[in-house]
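All of the numbers you see were taken from the coordinates with simple rules; none came from a lab. In this text, all values refer to a predicted model and were calculated from it rather than measured experimentally. Cβ atoms come from the backbone with ideal geometry, glycine included; neighbour counts cover every protein chain shown.
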Amino acid sequence: MDRLSTVTFVLALASVGCDDGAAADQKPPETRSRVDVVQAGKPKIDIAGFCDVNPAEGQGKKLVLPELRSGTAPAGNGGWQWVNVWATWCKPCVEELPMLRGLKGKFDADHLPLSLVFLSVDAGEEEVGAFEAKHGKIEGGLQIKDANALPAWLASVGLDESTALPIHFFVDETNTIRCVRMGAVNEDAYETVKGIVRGG
């Protein structure tokens, strides 16, 4: 093969590995910007999906606690209250208690004007006493005086008398119920709770 043929052959091989022009019409794969990634990682706040009862501002009932056997109803600290209605015999209630008890630090870190109140609807003091002996005292713990009064109390705050535990009331600075969550919550709900307290 003469020198000219060799050069022609090499050029032909090089052209095979090069862009034949079709690739010029193809767009590079789309990449997500940093803003998109940050937005995708933002926690979703779904107040309507979280609250089973979600009255408009000024339309909710006032929360009047039932007569208590132990503990003193909070006078209010100018902020919101998260009232967790639970019982020692309620498995989902007991399962979520450690997580709920650990939230106080988050409230403080986020400067969230929210206090957590636990209202036990156990039939007797001994049940709660035995539970606290095993799991530690529950700060802010209250106990209903008569468990048989629970259905009437639930009706008085606008719920069905047979509503299952746990129940979570979110009450604003005016002691007005702004959200009721029926059923357990998990740590993922924290951002939604912040949204409720801060007005969505």
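Of the cross-linked pairs LYS62/LYS91; LYS62/LYS145; LYS134/LYS194; LYS61/LYS91; LYS106/LYS145; LYS104/LYS134, those separated by over 27 Å at the C-alpha level are LYS62/LYS91; LYS134/LYS194; LYS61/LYS91; LYS106/LYS145.
Look at SER70, SER120, SER115 and count the other Cβ atoms within 10 Å of each Cβ; fewest to most, that gives SER70, SER115, SER120.
Computed about the Cα centre, the dipole magnitude for the stretch 46-197 is approximately 200 debye when only Lys and Arg (+1) and Asp and Glu (-1) carry charge, each at its Cβ.
Assuming R0 = 22 Å, can you tell me the calculated FRET efficiency for the pair SER70 and GLU187, based on Cβ-Cβ distance, to the nearest 0.05? My answer for the efficiency is 0.15. Of all beta bridges that DSSP places with both ends in the stretch 46-197, some 60 percent have antiparallel geometry.
Extents of the stretch 46-197, taken as max minus min of Cα coordinates on every principal axis and listed largest first, are 38, 33, 28 Å. Projected label points at ALA109 and ALA56, each 7 Å from Cα along the beta carbon direction, are separated by 3.8 nanometres.
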